[in-house]
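All remarks here apply to the structure that follows.
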Amino acid sequence: MDKVDKMDRADKMGNLDKVHKMGNLDEIERIELAVVGGGPAGLAAAVKAAELGLESIVLFERDNFLGGQLVKQTHQFFGSKDQYAGTRGIDIAEELTDKVRKEAAIEVKTGAVVQGYYEDAVIGYLEDERFQKVKPEKTIIATGAAEKMLSFPNNDLPGIYGAGAVQTLMNQYGILPGEEILMIGAGNIGLIVTYQLLQAGVKVKAVVEATDKIGGYAVHATKIRRAGIPILTKHTIKEARGDSKVEEAVICQLDENWNIIPGTEEILEIDTICLAVGLTPKIDLALQAGCQMAYVPELGGDVPVRDEDLEMTEENIYIAGDAGGIEEATAAILEGELAAINAVRAISGGGSDLEAVYAEVSEKLADLRRGPVGEEIRSGLKKARGDENAGRDRYSRQRRYSK
Amino acid sequence: MRIKDHPVLDFKRGKEIKFTFNGREIKAYEGETIAAALHAAGVKELKKSLKHDRPRGLFCAIGNCSSCFMEVDGEPNVKTCVIEVKEGMEVNTQQGKGELSG
Ligand SMILES: Cc1cc2nc3c(=O)[nH]c(=O)nc-3n(C[C@H](O)[C@H](O)[C@H](O)COP(=O)(O)OP(=O)(O)OC[C@H]3O[C@@H](n4cnc5c(N)ncnc54)[C@H](O)[C@@H]3O)c2cc1C
Ligand code: FES
C-alpha cells in the first residue's frame, strides 16, 4: 500500500507548532508503543507487545477503569470455542486487566483522553485537566465503536437512550433506566439488553425490529419470548410522545417496501425507549491523523483503510477491534494481538519466535472468520484493504480543507 | 431507582454522600457519575437544547454526545455522564451556552 509521504501529511495536518505550541520535539517523552483505548483490543495489544519484549508501552483509556464494552456484559459470551466461550464479559475484562497490571513495561493511564495524533507522530492527551504530549514510535488505535441513532419525531426526549447507556446505568451503577420499556432492534445487542432488563426487574413491553427477521441468536430470542415479551418483526417506531420526558411510543407495521401500513399504529405507554440499531466504528482519531477511510457497510459504515498488518494509510499507526470494523470481542482481542506483533516486528526486526506467534494468532483469527457466519466480515475486510468495490472516502474533502 | 437484588451482579456502592440539584439536596454514592445519581433520584431532564429549548436527558452515558451538559460548581458544559459526583457538589440546570471563566 502506498504510504502518504511526509510532506504531504504535514501539509494536510497543518503546522502544529502554530496551533498547539508543541514546543521543542526533543523535550517530548519518547516511548516505543502507544495504545489508545482500554477495551479488549487495546488490553490484548498492550499485553502482547510487553510479552514480545517492548519496554515502554503507554495504554490510554478515557474512562477511569479498563475493559471497554466488556465491563457491561453480564451475559455468557458467545465467543469462539477455545477463546472465552461461556465466560462472562466482565470476567474477561478482569482477566485482561490483571495481565496488563502485571507487566512492568506497560504504563496504564486511565482518565486520559487522547485528543489527537499530530505531525511528527506526537500524541496529545488530556489528563488531570492538562494537555500533555508523548512521542511513540508506533501507535495502535483501539477506540471501539459508537452507537447509531434512529430518526423519528421527538427522538430527543429524555428517557430515550442508546443501548449502551441503558447497560451503563443498569449493570455498572445498578440504577434502573425506567420501569416500562420499548426496545428497538432485535439484533444481538437488542436481545441481550432486553434480557438484562428483565433480570433487573424492568418490564419490557415489546421488541420491535424493522426487518423481517430476528438478527440476534435464537437462544436469546427464545428466552425473551418465553418470558412473554413479543418480538415484532416488520415493525418500527413512528413517533415518541411526551412533554419533558417520553410517555408514549407509537409503533406500526411496515410493508415490504419499508412503508408504514396505515391503520396498524399502536400506542404503548412506556417511560423508556432503548435504541439498539447498530454500532459504527469510532474513527475520529484515525480520521484526524489523516488516515484514509472507505465506506464498508459490512463493517458498520466508514472504516479506516488498512493493510494485512492492520497498518493504516498513515505510517506507524495501526487499527484494531471495533474501531476498524464492528465484529465481536474475540476478534477484537486477536486483532489487538496481531497489531502488536506487527508493531514489534517493525520496531525490533522480528525473528523466528515472533513469526511463530504471528502465525498462531493469524490462524486463530482466520478460523474465527471462517464459514458462512464470517462471510460478511470477510467481504467487508477485503474492501477495507483497498478493494476497488469499497465505497468512496467521504472524508477526503474534509481532510483537504482541514488545513 | 436503584437495583437492590440482582441475579448476577452484586453492586458495591461507595460511601453515601450528598449534593444539590437546583438547590435541592440529593443522596448519592461515591463512585457514581452525576447523571447516574440524578437518575437514581428520578431526574431525567438534564438540560435544554440551545436553539429550540427542548428538554434533553442522558443518551450515550459515555461522553460521546453532549446531551447531558450541566453547570457544576459554577462551571458550565460539564459532561455529567462521565464526571463523578462529589460531596457538597452544586449541580444546576445550565442557562444558555455558558461562559468560559478566566
Ligand atoms: C450489548 C453488547 C453485547 C455484546 N455481546 C457480545 C458477546 O456476547 N460476545 C462478543 O464476542 N462480543 C459481544 N459484544 C461486542 C464486544 O463488546 C465488542 O466487540 C468489543 O468490546 C470491542 O472491543 P474494542 O476493544 O475494539 O472496543 P471497546 O470495548 O469499545 O473499547 C474501546 C475503548 O477505547 C476507549 N476510548 C475511545 N476513545 C478514546 C480516546 N480518544 N482516548 C482514550 N480512550 C478512548 C473507550 O473508552 C473504550 O474503553 C457486545 C457488545 C455490546 C454493546
Ligand atoms: S450522555 Fe452523551 S455525553 Fe453525556
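Summary of computed values
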| quantity | calculated |
| --- | --- |
| Subset of the stretch A:233-290 (residues that are hydroxyl-bearing (Ser, Thr, Tyr) and either within 31 Å of the chain's Cα centre (by Cα) or closer than 22 Å to A:ASP212 by Cβ (or both)) | A:THR233, A:THR236, A:THR264, A:THR272, A:THR280 |
| Filter result for A:ASP322 (surrounded by 21 or more Cβ atoms within 10 Å (Cβ to Cβ) and of a type in the set (Asp, Glu)) | yes |
| Selection count where residues are among the small types (Gly, Ala, Ser) and farther than 21 Å from A:MET170 by Cα, scope the stretch A:189-215 | 2 |
| Flag if A:ALA346 is more than 16 Å from ligand 2 (Cβ to nearest atom) and either within 14 Å of another protein chain (Cβ to nearest Cβ) or out of contact with any Gly (no Cβ under 8 Å at 6 or more places or on another chain) (or both) | yes |
| Residue among B:ALA28, B:ALA61, B:ALA37 that alone is within 16 Å of ligand 1 (Cβ to nearest atom), open to solvent by less than 30 Å² (accessible area, probe 1.4 Å) and among the hydrophobic types (A, V, I, L, M, F, W, C) | B:ALA61 |
| The stretch A:315-335, subset touching a strand residue (DSSP E or B) at 6+ places or on another chain (Cβ under 8 Å) and more than 10 Å from ligand 1 (Cβ to nearest atom), residue farthest from the other protein chains (Cβ to nearest Cβ) | A:ASN316 |
| Of the criteria (1) among the polar types (S, T, N, Q); (2) within 15 Å of ligand 2 (Cβ to nearest atom); (3) within 13 Å of the chain's Cα centre (by Cα), which one B:ASN64 fails | (3) |
| Unique match (being within 11 Å of ligand 1 (Cβ to nearest atom), away from chain B (no Cβ under 13 Å) and not in a helix (DSSP H, G or I)) among A:GLY216, A:GLY228 | A:GLY216 |
| Residues being open to solvent by 80 Å² or more (accessible area, probe 1.4 Å), more than 7 Å from every other protein chain (Cβ to nearest Cβ) and in contact (Cβ under 8 Å) with a residue 12 or more places away in the chain - total across the stretch B:1-25 | 4 |
| Residues located in the stretch A:273-314, provided they are out of contact with any Asp or Glu (no Cβ under 7 Å at 6 or more places or on another chain) and of a type in the set (Ser, Thr, Tyr) | A:THR280, A:THR313 |
| Elements of type strands (runs of 3 or more DSSP E) in the stretch A:130-207, at least 3 residues being at pLDDT 95 or above and open to solvent by 10 Å² or more (accessible area, probe 1.4 Å) | A:130-141 |
| Matching residues, the stretch B:40-58, being closer than 19 Å to A:ALA240 by Cβ, open to solvent by less than 60 Å² (accessible area, probe 1.4 Å) and not in a loop (DSSP other than H, G, I, E, B) | B:LYS47, B:PRO55 |
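For every residue, the table says whether it meets (1) of a type outside the set (D, E, K, R); (2) outside the structural domain of A:ALA200 (by TED's automatic domain parsing); (3) at pLDDT below 90.
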position: A:GLY42; (1), (2), (3): yes, yes, no
position: A:ALA49; (1), (2), (3): yes, yes, no
position: A:LEU54; (1), (2), (3): yes, yes, no
position: A:VAL58; (1), (2), (3): yes, yes, no
position: A:VAL71; (1), (2), (3): yes, yes, yes
position: A:THR74; (1), (2), (3): yes, yes, yes
position: A:PHE78; (1), (2), (3): yes, yes, yes
position: A:ASP82; (1), (2), (3): no, yes, yes
position: A:ARG88; (1), (2), (3): no, yes, yes
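The values are calculated or read from the model by the stated rules, or taken from the named source; none is laboratory data. Everything quoted here is computed from the prediction, not taken from an experiment. Every residue, glycine among them, receives a Cβ derived from its backbone with ideal geometry; neighbour counts consider all protein chains shown. Quick note on the areas: whole protein, heavy atoms, side chains included, nothing else; ligands and nucleic acids left out. Shrake-Rupley method; radii C 1.70, N 1.55, O 1.52, S 1.80 Å.
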